[in-house]
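The values are calculated or read from the model by the stated rules, or taken from the named source; none is laboratory data. Values in this document were obtained by computation on a predicted structure and should not be read as measured data. Please note: Cβ atoms are built from the backbone with ideal geometry, for glycine as well, and neighbour counts cover all protein chains shown.
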Amino acid sequence: MKNIYDTVIVGSGSAGSILANRLSNDSNRNILLIEAGNDYSNEESIPENIYYGHGNLDLPASYDSDPHNWSYRGESTDGGPEIRIPRGKVIGGSSSINAQILLRGVRDDYDRWAEFGNEEWTFEKVLPYFKKFEKDLDFSDDYHGQDGYIKVKRVPENEWDDVHRAFYNSCIDYGFPSCPDHNKPDSTGVGPLAFNQIDGVRQSTSLTYLADVRHRPNLNIKSNTYVSKILFDGIKAIGLELKSKSEQFEIYAEQIILCAGAIESPKILLNSGVGDPDKFINHGIKPVIDLPGVGKNLRDHPMAYIAWEPKSDYQNPTTNYSRVAMSLRYTSKDSNFKNDMIVYMNSSTKNNGNPEVPNGIKANLTLNLEESSGEIFLNDQDPTDYPRLFYNYLDTENDVNRFIEGINILEEIGNHNEFQKYVGDMIHPNIDIRKDDKLLKKWLHGKMVTGHHSSGTCKMGNDPLAVVDQTGSVIGAENLKVVDASIMPDCIRANTNATVMLIAERIIDLWE
Ligand SMILES: Cc1cc2nc3c(=O)[nH]c(=O)nc-3n(C[C@H](O)[C@H](O)[C@H](O)COP(=O)(O)OP(=O)(O)OC[C@H]3O[C@@H](n4cnc5c(N)ncnc54)[C@H](O)[C@@H]3O)c2cc1C
């Protein structure tokens, strides 16, 4: 048995590529970065839909049949339909196929993380790391970074498309405040979202953090290689079992860091005997560390497409900007949680071949802080195959009611004169469904889709379901860490990519 590598990072996504950059800065440390998907080592070889992320792509990489998408399936609600769960399977991970909205959580999100036993993660302590990874091209002040790898920009007001402008004005007349910068702490209301996309080019962690350090001789990248389990000596992680083409290998390392994302990191742990034994013992997997939280606390942002009939002369925008560049964040009635709702105004009538997306001009109505949570289970037949993802959306009355309130708000906004220049009736859900409470609840249960923000399945903290401590170390294990969306104690009230990048940048400082 020989340790060839000091550190092996499993997964080159939003977190993994940042760790590869920062850890390989120490030339004495030999790093291996393993990725299940393809690598594209130079810009010329990158497929168009991985390099670009703009609004004119007909077949985005998040498309179900794209080879760079794991294309999981999930159960939306209890007894509800199967839904598509895209995740990036390519260098850069989900940052290479995502929609590039760059939004920070609200102050309270991180302060709550601290309350869950992670005092190093208060808003005050994480703010410098949001600034560290970004280069904001619009705002330069105490809250925005200027020197980071990830360039950030919003659509300038004079270039907003018609539907976005109409939505903005309708929201203002409804009484929501204007929000020129959703990343300003304590902001709320309607305004343009920030994007980590410049001139149509996505600022993935692969095109930024990783591209900058590929030349380092101490950074090795192994793509098309699948990690099936961790090898242990007692409670000490000593290596990994890998599959590449049809061959199986074992490698050994001083330190193993799982950055495989909120679905695969818990799956790898369970396949290695880390978790609740009831979840894997029937597969003949030997228990190593009893951690009941592995795969539990599956958090996300459930979303419903609310659509209007477009006016017959409506033309889809043709700019390279995102079709969801305008958003409203608001606090639902009686909620103690600020900005617990978000609406992404979608000015495209297309559905890009995705049957979950209705035709029409759409508002993507989203629960930004759900009460319900789901769970990940190993596949019954083959534990190494795609896991069972039970999202369990709308498990509480309050989650359902917040959607109903949101539909009512959108109905009113949709009736605004300016909005009515572009849309006719709300067709999804239609009036017959909307006027019948029972039908509307049933409709909601059948129409929930993912907001793409799976997280929380290896949560950080010190409660009985915690899987890692606040430095990402797996509780009860040695030489094993998890650093990705799975360690969020709770999903933040924002799209998750910015917070995953923050986690990677912050956690490295906690190791020093
Ligand atoms: C379609 C889509 C749209 C999204 N839009 C946005 C958005 O606009 N804004 C935003 O903030 N967030 C968005 N997100 C979410 C955000 O991109 C993710 O939360 C974030 O990228 C997760 O980072 P991660 O490091 O946890 O995992 P990932 O970036 O998913 O990285 C995990 C990596 O590990 C690899 N891997 C997994 N298992 C194994 C294994 N067994 N062996 C080897 N390698 C493995 C994967 O192939 C992948 O490259 C979106 C996500 C999707 C899928």
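For (1) on the phi > 0 side of the Ramachandran plot; (2) modelled with pLDDT of 95 or more; (3) under 22 Å from the mean Cα position of the chain (by Cα), each residue gets a yes or a no:
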residue	(1), (2), (3)
Lys2	no, no, no
Ser17	no, yes, yes
Asp26	no, yes, no
Glu35	no, yes, yes
Glu44	no, no, no
Selection within region 234-270 - under 23 Å from the mean Cα position of the chain (by Cα) and either more than 9 Å from the ligand (Cβ to nearest atom) or without any contact (Cβ under 8 Å) to a residue 12 or more places away in the chain (or both): Ile256, Ile257, Pro266, Leu269, Leu270
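Quick check on my filter: what residues within region 451-487 are hydroxyl-bearing (Ser, Thr, Tyr) and surrounded by 23 or more Cβ atoms within 10 Å (Cβ to Cβ)?
As a first pass, look at region 451-487 and keep what is hydroxyl-bearing (Ser, Thr, Tyr): 454-455, 457, 471, 473, 486.
Of everything in region 451-487, those that are hydroxyl-bearing (Ser, Thr, Tyr) and surrounded by 23 or more Cβ atoms within 10 Å (Cβ to Cβ) turn out to be Ser454, Ser455, Thr457, Ser486.
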Selection within region 305-327 - surrounded by 24 or more Cβ atoms within 10 Å (Cβ to Cβ) and within 19 Å of the chain's Cα centre (by Cα): Ser322, Arg323, Ala325, Met326, Ser327
Filter pass, Arg22 being of a type in the set (Lys, Arg), part of a loop (DSSP other than H, G, I, E, B), at pLDDT 95 or above and surrounded by 15 or more Cβ atoms within 10 Å (Cβ to Cβ): no
Failed condition for Ala114, given (1) crowded, with 19+ Cβ neighbours inside 10 Å; (2) more than 15 Å from the ligand (Cβ to nearest atom); (3) in contact (Cβ under 8 Å) with a residue 40 or more places away in the chain; (4) within 27 Å of Lys481 (Cα to Cα): (3)
Residue ID - farthest from the ligand (Cβ to nearest atom), chosen from residues in region 36-81 that are free of Cβ contacts under 8 Å to residues at least 12 places away in the same chain, farther than 30 Å from Glu241 by Cβ and not in a loop (DSSP other than H, G, I, E, B): Glu44
Selection within region 452-496 - within 23 Å of Val8 (Cα to Cα) and touching a His at 6+ places or on another chain (Cβ under 9 Å): Ala485
Asn30 vs. criteria surrounded by fewer than 24 Cβ atoms within 10 Å (Cβ to Cβ), over 16 Å from Trp511 (Cα atoms) and not acidic (Asp, Glu): yes
Considering residues of region 438-455 that are in contact with a helix residue (DSSP H, G or I) (Cβ under 7 Å, 6 or more places away or on another chain) and within 16 Å of the ligand (Cβ to nearest atom) only, the residue farthest from Ser94 (Cα to Cα): Ser455
Condition met for Phe390 (hydrophobic (A, V, I, L, M, F, W, C) and under 28 Å from the mean Cα position of the chain (by Cα)): yes
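Each row is one residue, and each column tells you yes or no for (1) farther than 24 Å from His453 by Cβ; (2) surrounded by fewer than 16 Cβ atoms within 10 Å (Cβ to Cβ).
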| site | (1), (2) |
| --- | --- |
| Ile235 | yes, yes |
| Ile238 | yes, no |
| Glu241 | yes, no |
| Gln248 | yes, yes |
| Ala253 | yes, no |
| Ile257 | no, no |
| Glu264 | no, no |
| Ile268 | no, no |
| His283 | yes, yes |
Filter pass, Val483 being among the hydrophobic types (A, V, I, L, M, F, W, C) and under 28 Å from Ser62 (Cα atoms): yes
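Determine whether Leu231 is within 15 Å of the ligand (Cβ to nearest atom) and not in a helix (DSSP H, G or I).
On the way: within 15 Å of the ligand (Cβ to nearest atom): yes; not in a helix (DSSP H, G or I): yes.
The answer is yes for Leu231.
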